[in-house]
Every structure is written in C-alpha cells, then in structure tokens.
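A.B. asks: Have a look at the structure that comes next, please.
The values are calculated or read from the model by the stated rules, or taken from the named source; none is laboratory data. Just so it is clear, the structure is predicted and the values come from calculations on it, not from any experiment. Note that each Cβ is placed from the backbone with ideal geometry, even for glycine, and that neighbours are counted across all protein chains shown.
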Amino acid sequence: MEILYESFLALFQGDGWKYVVMWAIGGILIFLAIKKDMEPTLLLPLGFGTIMVNLPFSGAIGEEGPLTTLFDAGIANELFPLILFIGIGAMIDFGPLLSNPKLMIFGAAAQFGIFFTFCLASLFFETNDAASIGIIGAADGPTAIFVANELGSNFRGPIMVAAYSYMALVPIIQPPVIKLLTTKKERMIRMPYKANNVSKSTKILFPIIITIIAGMVAPTSIALVGFLMFGNLIRECGVLDSLSETAQKVLANLVTIFLGLTIAVRMNAEEFLQPATLLILGLGLFAFIFDTVGGVLVAKFLNLFLKEKINPMIGAAGISAFPMSGRVVHKMGLKEDPQNFLLMHSIGVNVSGQIASVIAGGLILSLLA
Amino acid sequence: MFNIFRGLTAAAAESEIAETVANAAEEAADMSIKWKPDDFLPSLEIMGKGMLCIFIVIGVIIASVYLVTAVSKRLSERKEAKNNSENENQ
C-alpha cells in the first residue's frame, strides 16, 4: 500500500505529469499500430514499452531492470538491429533489380534527404546528433538505431519514433511531393518491363560483391551491409532453405519483439519530453521529403539525355521503405494511366534503396569518424 | 517489522527519485537546442562528400553486376554450345 501511495504521489510531484504524458504517447503509438495498422510490429511494442518505462519506480529499467539488461545486451552494442538485418536480407528478392541494375542509381539519389537533413540539423545540434537525425532519412529502422548508437546520440528515443512512424506514413508523405515535382505527362510515361533472366550465379555473387565493395569504401558499414547481404545469401544459395525460412520468420519476429520493447528504454520522460523532440520530428519529416525530391529530380535529369524516357516517379521509390514506397509509385502510375504497370521497376528501385541506405549509414559513420 | 519495511521502502524510493532527477538533470544539459551557424558549411562539405561517395559506390556495384551478368551469360552459352555439340556427336 505504501508503494502505491508513493507511486501516486510521484505523479503529482515535480515533473510527475511527464509520466502521464508519456503514457498518452505510448497509448497513441499502440492506437496507431492496432487501429491504423501503422508498422504494428514496432510501434506496438514501442508504445507498450513506453508505458512500462514511465511508471514511477519502474522495475523494468534500472540496474536490475530486464529492459535495461536487454538494452545493454542488444541495443547499446547494436546487436539486435544487425541480427534483424539477417532476416530482412533473407526476405529481399534482388531479381527485379538485377534484371535492370542501372535502377540502383535512384536508390543512391534517394539518400539525398539524409545528408541534406544532416546539414539542417547541424544548425541546431551537435554533429553526432545531427547525423543521427539525418539518418532518419534512411527510412530503415535498424540502420537508424545502429548509426544513432554508434554516434552516441542523446536523442535515440525521438529518432526511433520518427524513423518508424514516417516509414508507415510513406503513402501519405510521398504522393504530394511527387505530384509537386512532376507533370501529368511525366507521370504517364510508360515503362514496359522486359524480364531478363537473372542466373542463380549472379544472385549468389551479388551479396558477396556488395559486401566487398561497400566494405572497402566504408569499413564501418561492413557490419550493416554484411549482415544484410548474409541474410540474402542464405536465401539465394538454395541449400539453406530451412535457415532462410527461420531468418525470415522466426528470427526476424523474435528480434523485432525485443527491439521494439527495449528501444523504449530511451523513451523515458526526461529524454523524450524536450523541445528538441519536436524539432527532430520535423527534421525527420524533412528527411523523407527530400529523399523523395532527390530520387525524382535525378530521374528528371536523366530524362534530358535518354531517348527512352524514365517515369520520374520511380525515383521516389529509392527510399528504403520497402515495399511501401514501390507500391505507392505503382499505384500513382495506375491512377494516371490504368495500363501503366510500374511495379517491377519501382520494386527494383525500392530494393536498391535498401542497399543504398545501409551504405549511406556506413558512409556517415566513416565521414564523421 | 512492517514499520522497518515501510521505512526502508520509503528511503529506497526517495533515493531512487533523487538519483533519477540527478541523472535527468545531467542528461538534460546535453539535449538542449543551440543555434550553431558555424557548423553549417562544414556539414555541406560532408554532404557533398557523402553524396559523391554513394554515387561512386553504387556506380561500381552497377558495373560489377553488369560484368558478372555478362560473364555468367557467356559461360552458360558455352556450356549450352558444348552440350549441343555432344548431343549431335551422339
């Protein structure tokens, strides 16, 4: 009874109201996950973890708290995001991309938002925090967690919330930006799909080549790129079907549970309820918008020199929010012209965005080392 | 016994609150927003380098994929030609 009294007292003393606000935020995340189906695999455990962490004298955190123990075991050393990347790599089919490799250029272009947001954020934050905020534009949770942890950012909580929330909001964020940058005529450009057979050898060699090239350029990215490509290799090799299935389902789901719950350790009221949080959420949105801008503008630029024009909308699919961004672009294409099937192109670009975002994360770490 | 337990619990709770507040105060100092226009130009340089590097890396990957695809195609064509000639001989 004494503890109950002390707990209630804590809510009405000093900054106790902040706990209640964080419960509301946790509740909102849970609502978005369940009712709106927005990235439920992350937002639901994150929301629930936020409530757990912000109860007075919470036993879930602290020296002997299980969430803190899990955080130290898997987030502080970036282990959970890397293991999750094995599962993500095992889920990705690089076939559409390998049948038209030049689409990867849009994956690179769509990382513009990361660096541009880094520049803007550096006006308000220290360099490591600015870079961690910029990496929200990678539209990739594990990369954002990895880079923010590696750089020792003080804003990991808001960065995680921004990254995962905006990933789920891609169908709302991207279309107006794409429409603003393109004409109706451009959106109606047809891109017939010619299925080029991609050999098994190519699919096996691809992840190995990516790891070597990315590792030579940005050694700090080897863990990120390597784990992603390892996952893809066990998928494509053809002799590890059970491992591939385990990685795609059991491993990915298990790590996702731990990741979502433990990242909430950084969602405590003292860290989250700061004026900086609103600014970070705003900059995160900026990052996603300018990712879209980068991809579309590069496509329009290339069209100046190409005889066979590219539909500039597929540039927007270079954002790493897979497969949502690819589907958004495909749907926009069908809306303009019901006979224009952009899916295979947009998914190819979307997949290249996954690779490019991981490389961008590694480059950020290398450039700031 | 219960009074001792209450006393210990209250003391533990009080020290925990004090520790949390102290930690929060220390951390809050690092989480303020500062206007730092001097950092903008160096960050533009990092942006330029970053975008250039990513395009170069992706360019190398694209070239590698084309190379591997071409080699793979040539090898499979040779293998097919060899199989065809073996079938003809039989």
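A.B. asks: At the interface with chain B (Cβ under 10 Å from one of its Cβ atoms), of a type outside the set (S, T, N, Q) and not in a helix (DSSP H, G or I), is that true of A:Phe115?
C.D. replies: No; evaluated as a whole, the condition is false for this residue.
A.B. asks: Pick out the one residue from A:Gly353, A:Gly282 that is surrounded by fewer than 20 Cβ atoms within 10 Å (Cβ to Cβ), within 13 Å of another protein chain (Cβ to nearest Cβ) and under 25 Å from B:Gly50 (Cβ atoms).
C.D. replies: A:Gly282 is the lone residue from the list that is surrounded by fewer than 20 Cβ atoms within 10 Å (Cβ to Cβ), within 13 Å of another protein chain (Cβ to nearest Cβ) and under 25 Å from B:Gly50 (Cβ atoms).
A.B. asks: Do we have A:Ile280 as touching a Phe, Trp or Tyr at 6+ places or on another chain (Cβ under 9 Å), farther than 29 Å from A:Asn128 by Cβ and of a type outside the set (Asp, Glu) here?
C.D. replies: So A:Ile280 fails the test.
A.B. asks: Could you identify the single residue in A:Asn253, A:Asn197, A:Asn232, A:Asn268 that is within 30 Å of A:Ile51 (Cβ to Cβ), within 14 Å of chain B (Cβ to nearest Cβ) and out of contact with any Asp or Glu (no Cβ under 7 Å at 6 or more places or on another chain)?
C.D. replies: One residue alone meets the criteria, A:Asn268.
A.B. asks: Would you be able to tell me the number of residues in the stretch A:53-67 that are outside any loop (DSSP other than H, G, I, E, B) and over 17 Å from A:Met160 (Cα atoms)?
C.D. replies: 1
A.B. asks: Given the structure, is A:Leu273 within 11 Å of another protein chain (Cβ to nearest Cβ), touching a helix residue (DSSP H, G or I) at 6+ places or on another chain (Cβ under 7 Å) and farther than 23 Å from A:Val217 by Cβ?
C.D. replies: When the stated conditions are applied, A:Leu273 passes them.
A.B. asks: In the list A:Phe118, A:Phe146, A:Phe124, which residue meets the criterion of being among the aromatic types (Phe, Trp, Tyr), surrounded by fewer than 24 Cβ atoms within 10 Å (Cβ to Cβ) and in contact (Cβ under 8 Å) with a residue 40 or more places away in the chain?
C.D. replies: A:Phe124
A.B. asks: Right, next: Mind telling me which of the residues A:Ile51, A:Ile25, A:Ile30 ends up being without any contact (Cβ under 8 Å) to a residue 24 or more places away in the chain and more than 14 Å from chain B (Cβ to nearest Cβ)?
C.D. replies: A:Ile30
A.B. asks: When you scan the stretch A:99-112, do you find a residue that is assigned to a helix (DSSP H, G or I), within 28 Å of A:Leu283 (Cβ to Cβ), more than 14 Å from chain B (Cβ to nearest Cβ) and touching a residue at least 60 places away in the same chain (Cβ under 8 Å), even just one?
C.D. replies: no
A.B. asks: Return yes when B:Gly7 is modelled with pLDDT of 90 or more and more than 7 Å from every other protein chain (Cβ to nearest Cβ) and no when it is not.
C.D. replies: For B:Gly7, the condition - modelled with pLDDT of 90 or more and more than 7 Å from every other protein chain (Cβ to nearest Cβ) - is not met.
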